[in-house]
Amino acid sequence: MKKTYLFAIVLLSSWSFADSGNIPAGATLTTGATSNGHSLFSATVNPAVAAYTVAPDEKWRINYLPTIALSGEVGDVNDFADDLDELIDLLDDPSLADGSMEETRDRFNRVLTAMGESGYTKISVGVHLPLLPLYWRPSEFSGTYFVEAAVDTQIRLSLLDEPLEYDDQHTSFSTGSAAYLKSGIEKRFAIGYARPMLDEKQVARWGGQLYAGTKVKLLNMELSKQVIALQQLGGKDVEDLIEDEYDNNLKSTTNVSVDVGISWLSKYYRAGLLLSNINSPSFDYGSIGTNCQQFGEGSFARNNCEAAAYFAYEKGRINANEKHTKHAAATLDGSVFPTANWAINASIDLAPYDDIVGDETQRFNISTSLNTTSTWLPDIRLGYQKNLAGSKLSAAGFGISLFDVFTLDAQVALDDVVIDGDKAPRSFALTIAFEEKF
């Protein structure tokens, strides 16, 4: 586990820069997809919020430095990565068996079944480019233009399990089990526009203002899948496998996506509705388990290709020719203000959707935030999030903003697993931003 988490940092440092399940950036990690004009990144979720992210006496608002976000998540299987490493070593050197060969076989078959059902490790990293998102409002009545650019990646390692067998004659272990690695890199550039919709008389009559916005996103996604037979690894660790293979077999697809949103803002409450990816763009994964004869007989690539074909066509456990579709989705949010600077927020995705590597996501978030007007007193945020689909994980979040610029938010799962004899949370997330606030 420790090595896997450290690998996330290695990934983060390997890029110049670093919606569909991406890590929420800045304060939105804690507060969720709420229509919050204090957070620069709320408008990256709901474009309507851009209309009130710029202070009344200003024309610009920017994000000063790159915004960094990373997260890790593991399945509900204790010691998943360590057991997988131990099994790989055992296949390479049967003398490492702890106990009799039969006892070792039976123990690992129980482990393989559990890993095949629930075991996985997932790492996500995201970076918003410096100065972005950037908001520009030319005049009081012009509306607000904005631009954003970011890179997000996800890597997911799981196991396709087959029984472990022991050969007395050759004193060796063998299994048809394979590591299943899915990875995706999303490069996103977006432009948008938002404006208030009611005139002064309507605002006075209704006691609030309706804002609307739209955003057009140019998306490039590099998606890859790998099936790697454990028998072929020769004792190599899982972490080495990820480092060597995560960028292989990438298929690059470019498409356009459109978001629209509305936000109602009044003195004591606000509410928003986001319709994201309304055109449901699709992106291709690299094919696996096809045309295996192009590789040399008995080669590493040929054996892995045949393993992929077996799990795709004979077992039906994976899709050899997969597409990732950003399905149209809707998110509702609302907040109440007990005082001018204290908010209680909630947001919910109305239906599940797949993240980059195909895990179902449907976020529910409730939070409270205190936005001080002081440069020296910190803003404080507390939140609770649950994935209503997929992993069903719950997490607690905490955020703090300092000096009107520095924002740090963290989230830790309330569910845990046992790693090396100690309990550890099943997921974590961290994001750091340097954003101008008002």
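So the values come out like this:
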{"read-out": "Cα gyration tensor shape of segment 163-236, rounded if a/c is under 1.5, else prolate or oblate by comparing a/b with b/c", "value": "prolate"}
{"read-out": "Two-site FRET efficiency, Val418 against Lys59, from Cβ-Cβ distance with R₀ of 60 Å, rounded to 0.05", "value": "0.65"}
{"read-out": "Peptide ranges 75-87, 376-388 listed from the most packed, as the mean C-beta count within 10 angstrom indicates", "value": "75-87, 376-388"}
{"read-out": "Where a label projected 7 Å from the Cα of Ser172 along Cα→Cβ would reach, residues of segment 282-297 with amide N under 20 Å", "value": "296-297"}
{"read-out": "Around Leu218: net Lys/Arg minus Asp/Glu count, Cβ-Cβ under 9 Å", "value": "+3"}
{"read-out": "Once the Cα gyration tensor of segment 311-438 is diagonalised, semi-axes √(5λ) in Å", "value": "35, 19, 14"}
{"read-out": "Gain upon complete extension [Phe189, Leu393; 0.36 nm per residue less C-alpha separation]", "value": "70.4 nm"}
{"read-out": "Peptide ranges 222-228, 167-173, 253-259 listed from the most packed, as the mean C-beta count within 10 angstrom indicates", "value": "222-228, 253-259, 167-173"}
{"read-out": "Solvent-accessible area, 1.4 Å probe, carbon plus sulfur percent, for segment 29-137", "value": "53"}
{"read-out": "Among 298-304, 392-398, the order from most to least packed when residues are scored by Cβ within 10 Å on average", "value": "392-398, 298-304"}
{"read-out": "Cα-centred dipole magnitude for segment 71-136, charges only on beta-carbon of K, R (+1) and D, E (-1), debye, nearest 20", "value": "520"}
{"read-out": "Potential extension, Ile380-Gln293 segment - 0.36 nm per residue separation minus Cα distance", "value": "25.4 nm"}
{"read-out": "Once the Cα gyration tensor of segment 34-113 is diagonalised, semi-axes √(5λ) in Å", "value": "56, 13, 7"}
{"read-out": "Residue-averaged [θ]222 nm for the chain, counting only DSSP H segments that reach four residues, each worth -39500 (n - 2.57)", "value": "-5000 deg cm²/dmol"}
{"read-out": "Two-site label geometry, Arg205 and Ala340: point separation in nm, points 7 Å out along Cα→Cβ", "value": "2.9"}
{"read-out": "For segment 333-406, projected area of the alpha-carbon convex hull averaged over all directions, nm²", "value": "5.9"}
{"read-out": "Calculated P(r) tail over 16 Å for segment 63-157, as whole % of Cα pairs", "value": "70"}
{"read-out": "Furthest towards positive pole of dipole, Phe108, Leu157, Leu70, structure part the chain, Cβ charges", "value": "Leu70"}
{"read-out": "Alpha carbon convex hull of segment 85-229, volume per residue in cubic angstrom", "value": "165"}
{"read-out": "Reported label for calculated semi-axes √(5λ) of the Cα gyration tensor in Å given [x] 36, 25, 21; [y] 53, 21, 18; [z] 46, 22, 17", "value": "[z]"}
{"read-out": "Normalised contact order of segment 262-375, rounded percent, pairs of Cα under 8 Å and 6 or more residues apart", "value": "25"}
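The values are calculated or read from the model by the stated rules, or taken from the named source; none is laboratory data. These numbers were taken from a predicted model, which means no experiment stands behind them. Because the Cβ atoms are built from the backbone with ideal geometry, glycine has one as well, and the counts that use them run over all protein chains shown. Just so you know, the surface numbers come from the protein's heavy atoms only, side chains and all, with ligands and any DNA or RNA stripped out. Shrake-Rupley method; radii C 1.70, N 1.55, O 1.52, S 1.80 Å.
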